[in-house]
Amino acid sequence: MAESNDGPDEATDSGPATTPYAPPAAAEPAPPAPAGSAGPGAAVGGDAPAPSAEVVAIQTGYTFDEPAIDLGVLMEDDTPVPQARVRIPLSMLNRHGLVAGATGTGKTKTLQVLAEAISRAGVPVFAADVKGDLSGIAAPGEANEKLAARTKKIGQDWQPQGCPVEFYSLGTGDVGVPLRATITSFGPILLSKVLGLNKTQESSLGLVFHYADTAGLPLLDLADLREVLSYLTSDEGKEELKGIGGLSSTTVGVILRSLITFADQGAEDFFGEPEYDTADLMRVTADGRGVVSLLELPNLANQPALFSTFLMWLLADLFTDLPEVGDVDKPKLVFFFDEAHLLFNGASPAFLQAITQTVRLIRSKGVGIFFVTQTPKDVPDDVLAQLGSRVQHQLRAHTPNDAKALKQTVATFPKSHYDLAEVLQSLGIGEAIVTVMDPDGAPTPVAWTRMLAPQSLMAAIPAESLRPGIAQSAMMTKYGQEVDRESAYEMLTRKVEAGAQAAEQERMAQESARQQAEYAKQAAAAATQAERDRIAAEKLAAKERADAERRAVKERAEADRRAAAEARESARNRKQAGDMVGKVLRSSVAKEIVRSILGNARRR
């Protein structure tokens, strides 16, 4: 829901919007509105006393001989001057602008008024809906007494009218057609800036993109980029980079860690296919109204890097695709960036440089950019210097910092008869100090302005009322279904798996060969051992036979020796016995015995 105090002081719708949303049907643009025409909702003149010299000067300064859109009416002495309309030429919208003011002073409603008028003039609009309170622009406003009283005072011919709106979200957002881009279209230079890489790391990332391009590896999402980085630091990938240089594993580690942080901020949802064609931002309906492309960003505070990433890509893509047109009667597209301080807070120097360069150069492409924020100091000086139109709502000076910001804001306006330091603090809700560029490129007089009331709904349309229309949108048909075609991740995964499978097969073959060799070695060793055992056994057997033969010979020799000894002993015994007998016979006894024997014999 919109804040109840963030719009015209008497023009707030009551209750939530319930009007169903229907998507726009695009067609070729209708002829431009005639010079001086601002379409429905413009302030109309009425009877009034003779204006002062200051009113005449301001009224003259905002009278143009070419198409313009009404912002509001001049205030004098705290009273609206309906015949003194404050306007901005269509041809000056591409000189960019700033809508600033404290919270609750009407900035968002001013954005709504501008977007409505620009759309009615046949110019497409892109706006970031940070707080979720811009969705009401798709539905007609709801009349009430306060709104009628306000519009009567300023002479506004208020007619309830919604704008043709296309709702978008980043990646897979809850409400809106998903916006996506591919890593390849983002490119290494822009991605390096987003990741905050140094020159060496940016050069290495460029080498990765070059390799992927020459190898036919589509880089569609972060998974593709991570896979290529990991592959190129593998043993197989290093070989493929030898001819064009190499990648330091330290550098790749830094890039991979940066990608993890980037992914944690929602980048995974943004990168992919189908990629958004920025030409679809420049659609015009059959009745000649420009389509308002509304990017729903309810979580921008938690995902500033994601939005800045998308913004850098979108502006770079538009700058590349759009031709130079120079000065044109009306712009091709106008951007509004609400809560711009969230965009610039903590932004990297690379991002600020890219934004500054884009704001400076994209004017010649027919694109205008308006920043909506709390104080001008929220916008970097180099960007602020490029903004030709200023709508400054109330500023407060409750603190020393507020007082300093007020003083700095006053210094940025042309000289005027106002005491801007006082006026800026006394502005009512829905009032602003305005100065724009006239068709000659000169600043218009500073004008205290009561802004017109939006003709569309000044409240958020509930998401459940938006979804049916979004689902029927031609853009949802074109971009709603995510496409996950084969890309670097799948191709390298398959290649790595094939390589791993081949390596495993080779390993298994080598293991089998090793085992076979080991088996053969063991078999040979076993055969050798068996041969050795056989020879040893034969040697042992031969030895045992030889030993047995030697023992047998020895035993035979011993037996022969013993037999010979016994024979010698027996012979010796026999000899001894014979010798003994001889001795006896030769002895006297023997002789006596012999004679006795022999004598007896003679007697017989």
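Once you put a point 7 Å from the Cα of ASP327 and another 7 Å from the Cα of GLU422, both along the Cβ direction, what distance in nm separates them?
Each label point is offset 7 Å from its Cα along the Cβ direction, giving 3.9 nm.
With every protein chain present, what accessible area does GLU511 have (1.4 Å probe, heavy atoms only), rounded to the nearest 10 Å²?
About 60 Å², ignoring ligands and nucleic acids.
Ranked highest first by average number of other Cβ atoms within 10 Å, how do 197-209, 321-333 line up?
Ranking, from highest mean packing down: 197-209, 321-333.
With +1 on each Lys and Arg Cβ and -1 on each Asp and Glu Cβ, how big is the dipole of the range 498-580 about its Cα centre, in debye rounded to the nearest 20?
780
Suppose the chain between ALA530 and ASN345 were pulled fully straight at 0.36 nm per residue; how much longer would it get relative to their current alpha carbon spacing?
On the way: separation 185, 0.36 × 185 = 66.60 nm, distance 8.62 nm.
This chain segment gains 58.0 nm when fully extended.
Can you tell which of LEU229, GLN159, ALA139 lies farthest toward the positive end of the dipole of the range 125-249, using +1 and -1 charges on the Cβ of basic and acidic side chains (Lys, Arg; Asp, Glu)?
Positive-end residue among those listed: GLN159.
Using a probe radius of 1.4 Å on heavy atoms only, what accessible surface per residue do you get for the range 275-398? Whole Å² is fine.
Ligands and nucleic acids excluded, the figure is 36 Å² per residue.
For MET508 and GLN357, FRET efficiency with R0 = 51 Å and r from the beta-carbon atoms, rounded to 0.05?
Numbers: r = 58 Å, r/R0 = 1.14.
Calculated transfer efficiency: 0.30.
Please report the spacing between the Cα centers of the range 128-190 and the range 229-249 in Å, no decimals.
Their Cα centres are 48 Å away from one another.
Mind checking Rg over Rh on the range 284-344, alpha carbons, Kirkwood formula for Rh?
When Rh is taken as the Kirkwood radius, the ratio is 1.02.
Would you mind putting 151-162, 240-251 in packing order, based on average other-beta-carbon counts within 10 Å, highest first?
Going by the mean number of other Cβ atoms within 10 Å, highest first, we get 151-162, 240-251.
Past the 12 angstrom mark, what percentage of all C-alpha to C-alpha distances in the range 55-106 do you count?
So the portion of pairs separated by more than 12 Å is 70 percent.
A 21 angstrom limit on the alpha carbon distance is what I want to check against. Which of LYS107/LYS377; LYS330/LYS365; LYS193/LYS478; LYS109/LYS407; LYS330/LYS478 exceed it?
On the way: LYS107/LYS377 16 Å; LYS330/LYS365 11 Å; LYS193/LYS478 30 Å; LYS109/LYS407 25 Å; LYS330/LYS478 29 Å.
Distance filter (> 21 Å) returns LYS193/LYS478; LYS109/LYS407; LYS330/LYS478.
With the Cα gyration tensor of the range 57-150 giving a ≥ b ≥ c as the square roots of its eigenvalues, does the rule (a/c under 1.5 for rounded; else a/b larger than b/c for prolate; else oblate) give rounded, prolate or oblate?
Since a/c reaches 1.5 but b/c is at least a/b, the shape of the range 57-150 is classed as oblate.
The values are calculated or read from the model by the stated rules, or taken from the named source; none is laboratory data. Here the structure is a predicted model, which means the values were calculated and not measured. Note that each Cβ is placed from the backbone with ideal geometry, even for glycine, and that neighbours are counted across all protein chains shown. Accessible surface areas use protein heavy atoms only, side chains included; no ligands, DNA or RNA. Shrake-Rupley method; radii C 1.70, N 1.55, O 1.52, S 1.80 Å.
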